[in-house]
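Asks: One structure, pasted below without further comment.
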Amino acid sequence: MILLLQLVLVGIMGILALYVGRHFSFTWNRVLGDQRFPYMGFGDFELPTVTILVPAHNEEAVIAGSLMALLELDYPADRCLIVPVNDRSRDRTREIIDGIAKEHPGRIRPFHRETGRPGKAAALRDITPALASEVIIVFDADYLPVPGLLRNLVAPFCDPEVGAVMGRVVPMNVSRNLLTRMLDLERSGGYQVDQQARMNLGLIPQYGGTVGGVRRSALEEIGGWDDSILAEDTDVTFRLYMKGWSVVYQNGCECYEEVPETWKVRERQIMRWAKGHNHVMFRQLGNLLRSRMLPFWKKLDGALLLGIYMLSPVTILGWVIAVFLFYANHNHLTSSAVALFSILAFSSVGNFALFFEIGAAVHLDGYRNRVRLLPLGLIYFLVSLFSVSRAICAQLLIDFPTRRKLVWHKTARYRPRGAS
Amino acid sequence: MESAKSIEERIFDPQRSIHGVARSPRDLAGAMLAPLILDSLIVGFAGPLLGLWRVIFQAALSWVRLEAEVRMETFRFIPAWKVEMPCIDLLAGSPTAYQWAWILYGLGLAWLVTRLIPETWMPLRYGIRFLCVVQLTSVVFFACWPGRFPYGVGDFVRTQVYTGFTFLLLLPPVYGMSYFILDFSLSRKLTLLLLAVAYTAVAAPVQIVTCAILTHFGSLALIPLFYLAFGPLVYVSWMVAFYSWGVSWRPRRAAT
């Protein structure tokens, strides 16, 4: 029994060490390696026709701002159509959308959805067949794109092998409180280092469901949006890769979002992400590993990416085993110390980004003061660790056995209601 | 409401998407050699360093007027290397019923307090509950198997000294891989590394002897909490704190 637990603990340490190595590699690559920006500065190409989808469910606080920012995009009006997808809103969202559409005829075509399966994926699935453009760009309703964003975002689609593109998400309400500052650190690490490194190394940069887009023909080839999945972005990413398409990350394409300002909202958000991401993992991991379209390193990175949220319950399991061995195993106190040290050393650094990654990202971004908050990541990490583990336990023990449908809950908005 | 343009002007730096770190052979050599040299120094001066830890143990014990022997034990750190590490012969017993009850009441009170912590302080709530759960394992163990706790204060100190010294050796290569690759002058990098090592060299034994003394007065029931929650976790926190402080310093030159 003791031996079995020790073997499991060693296995867990091995998994954590693999992720440590992965994130160290990304940091080194981003800081020291050759950077890939293959589509930067593309100016002389025929701009594809674009439909910008803005899924909106009860977004009266923010939808006007988003639509106005989209109308300011530097993109030929005859090649760009904005389609706000009003998904069963019960507030003034519909009224606001219709009002703005009326003021800008031909630029905005509202799509109002009153019935059907709830959720962003279902809304996207419903509207997509009606679209004729070459490229579909998706923005969440609270996002504020800057005028030059769209041209840079669609540039990779001049490469016929590109199936999807993703830009960088930057919090705009960073200064609000400690949580928003910590989330900004997390976003920095995730985009400035993690995504860019994966782009550099030819691994799996991910389409993130917003500030990104998909080639319509590629989407059709993989069967469209899957409305049974919460994390439709992760799902599309992997299905595209397995069909031979590539996903491009554009680090310079920044768009601004609101991050959660309260811990409760943050908890719900990360629990939703964990469940959705894991759902894709259970569906696609086997397909990914069997895929003949992808080389070994892409499969490995894809598998590690899919398993990223499982690290939380695995870490807790490691702690529990280490505690048990501590009480039961007199002669192996030292080995337990080392094991626990390894687990805690990784565990102290964040949900799925080593603090080195975040530190390097913030160094590259130039935010010298904010990086001093990094030690607080330990406590911040505890919230993520237990929230994610709780969500995954509920998913495995309740959702899957009872086939409970995963329900999408929108993140709270903080802009004053009615602001435009 | 702030417009996208205004936000862009406030946040966006067009160069940061392509920022890298100018690297020279000297920088890379520094990243590899400096940690190696410092580790060699730590190994070379392990005797005096651990002797300092012994002095710190003795000073702390005499400050609280505890008569306990601090002796040096030979420890095979790696197969080829024996090190003399300080160990404290301090007695601590299993918790009495009174102590056990007080620990349990304290846990209950702490858990109740977490329910009163406002949502703004949610991480504190999780942190306290984490510590409560760790301590609860000890309460349960001593309730069910009171005489079978396999460790004494000496074992605890021995392990913590080993862990602390291991951590001290790990600091230079970890900083070499993470901080030395960033765009700071070599002098700043060395300064940060030396400060972190010096701090750990002093703070680790202080932490160890403090936990040992508290265990002596509070019973063996406190060892799990000190070992599981206040050992390596604290060391890593220091490492992160120094690292983040170092990253906040002014970089050497404009990045390319």
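Asks: Looking for whichever is in contact (Cβ under 8 Å) with a residue 12 or more places away in the chain, surrounded by fewer than 21 Cβ atoms within 10 Å (Cβ to Cβ) and more than 11 Å from chain A (Cβ to nearest Cβ) here; the options are B:P146, B:P172. Which one fits? Even if it seems obvious, please write down each step before you answer.
Replies: Details: B:P172 fails: surrounded by fewer than 21 Cβ atoms within 10 Å (Cβ to Cβ).
One residue alone meets the criteria, B:P146.
Asks: So which of B:V234, B:V197, B:V206, B:V140 is under 18 Å from the mean Cα position of the chain (by Cα), open to solvent by 10 Å² or more (accessible area, probe 1.4 Å) and facing chain A (nearest Cβ under 10 Å)?
Replies: Answer to the selection: B:V234.
Asks: From the list B:T96, B:T114, B:T163, exactly one residue is open to solvent by less than 20 Å² (accessible area, probe 1.4 Å), among the hydroxyl-bearing types (S, T, Y) and more than 30 Å from B:S40 (Cβ to Cβ). Which is it?
Replies: On the way: B:T96 fails: open to solvent by less than 20 Å² (accessible area, probe 1.4 Å); B:T163 fails: more than 30 Å from B:S40 (Cβ to Cβ).
The conditions single out B:T114.
Asks: Could you list all residues from segment B:117-137 that are of a type in the set (S, T, N, Q) and either surrounded by fewer than 18 Cβ atoms within 10 Å (Cβ to Cβ) or within 11 Å of chain A (Cβ to nearest Cβ) (or both)?
Replies: Selection gives B:T120, B:T137.
Asks: Now a separate question. Take residues that are open to solvent by 20 Å² or more (accessible area, probe 1.4 Å) and at pLDDT 65 or above and tell me which of the helices (runs of 4 or more DSSP H) falling wholly in segment A:323-420 contain 1 or more.
Replies: A:355-365, A:377-394
Asks: Now for a different question. Name the residues in segment A:166-185 that are basic (K, R) and open to solvent by 20 Å² or more (accessible area, probe 1.4 Å), would you?
Replies: Correct list: A:R176, A:R181.
Asks: Looking only at segment B:75-88, count how many residues are in contact with a strand residue (DSSP E or B) (Cβ under 7 Å, 6 or more places away or on another chain) and either in a loop (DSSP other than H, G, I, E, B) or surrounded by 13 or more Cβ atoms within 10 Å (Cβ to Cβ) (or both).
Replies: Looking only at that region, the number is 8.
Asks: Among A:G252, A:G244, A:G276, which is the only one that is at positive phi and either assigned to a helix (DSSP H, G or I) or open to solvent by 10 Å² or more (accessible area, probe 1.4 Å) (or both)?
Replies: Only one candidate qualifies: A:G244.
Asks: Checking the structure you have, find out if any residue of segment A:186-194 is open to solvent by less than 10 Å² (accessible area, probe 1.4 Å) and out of contact with any helix residue (DSSP H, G or I) (no Cβ under 6 Å at 6 or more places or on another chain).
Replies: no
Asks: Inside segment A:44-57, can you point out the residues that are open to solvent by 50 Å² or more (accessible area, probe 1.4 Å) and touching a residue at least 24 places away in the same chain (Cβ under 8 Å)?
Replies: Scanning segment A:44-57 gives a single hit, A:E46.
Asks: Can I ask one more? Looking only at segment A:68-88, count how many residues are part of a strand (DSSP E or B) and either open to solvent by 10 Å² or more (accessible area, probe 1.4 Å) or closer than 14 Å to A:R151 by Cα (or both).
Replies: 2
Asks: What's the number of the condition B:I181 fails, among (1) in contact with a Phe, Trp or Tyr (Cβ under 7 Å, 6 or more places away or on another chain); (2) closer than 20 Å to A:H363 by Cα; (3) more than 7 Å from chain A (Cβ to nearest Cβ)?
Replies: That leaves (3) as the condition not met.
Asks: Give segment A:169-210 a look and list any residue that's of a type in the set (A, V, I, L, M) and either more than 12 Å from every other protein chain (Cβ to nearest Cβ) or part of a helix (DSSP H, G or I) (or both), or say none.
Replies: If the condition is that a residue be of a type in the set (A, V, I, L, M) and either more than 12 Å from every other protein chain (Cβ to nearest Cβ) or part of a helix (DSSP H, G or I) (or both), then A:V174, A:L178, A:L179, A:M182, A:L183, A:L185, A:V193, A:A197, A:M199, A:L201, A:L203, A:I204 are the ones that fit.
Asks: Now, a different point. Inside segment B:237-247, can you point out the residues that are open to solvent by 30 Å² or more (accessible area, probe 1.4 Å) and within 7 Å of another protein chain (Cβ to nearest Cβ)?
Replies: Within segment B:237-247, B:S237, B:A241, B:W245 qualify.
Asks: Can I ask one more? Quick check on my filter: what residues within segment A:279-307 are open to solvent by less than 80 Å² (accessible area, probe 1.4 Å) and in contact with an Asp or Glu (Cβ under 9 Å, 6 or more places away or on another chain)?
Replies: A:H279, A:V280, A:Q284
Asks: Now a separate question. Can you run down the residue pairs with Cβ atoms below 8 Å, 6 or more apart or on separate chains, where the first is in segment A:245-273 and within 19 Å of B:S3 (Cα to Cα) and the partner is among the acidic types (D, E)?
Replies: Pairs found: A:E254/B:E8; A:Y256/B:E8; A:E257/A:D140; A:E257/A:D142; A:E258/A:D142; A:V259/A:D184.
Asks: May I pose another question? Would you check which residues across segment B:101-117 are in contact with a helix residue (DSSP H, G or I) (Cβ under 6 Å, 6 or more places away or on another chain) and either of a type in the set (F, W, Y) or not in a helix (DSSP H, G or I) (or both) and list them?
Replies: B:W111, B:I117
Asks: Right, something else. Just the residues that are within 18 Å of the chain's Cα centre (by Cα), open to solvent by less than 10 Å² (accessible area, probe 1.4 Å) and free of Cβ contacts under 8 Å to residues at least 60 places away in the same chain, please, taken from segment A:198-226.
Replies: A:P205, A:Y207
Asks: If you don't mind, there's one more thing I want to ask. What helices (runs of 4 or more DSSP H), lying completely within segment A:89-158, carry at least 1 residues that are of a type in the set (G, A, S)?
Replies: Qualifying helices (runs of 4 or more DSSP H): A:93-103, A:120-127.
The values are calculated or read from the model by the stated rules, or taken from the named source; none is laboratory data. Quantities reported herein were computed from a predicted structural model and do not represent experimental measurements. Virtual Cβ from ideal backbone geometry, glycine too; neighbours counted across all protein chains shown. Remember, those area values only see protein heavy atoms, side chains included, never the ligands or the DNA or RNA. Shrake-Rupley method; radii C 1.70, N 1.55, O 1.52, S 1.80 Å.
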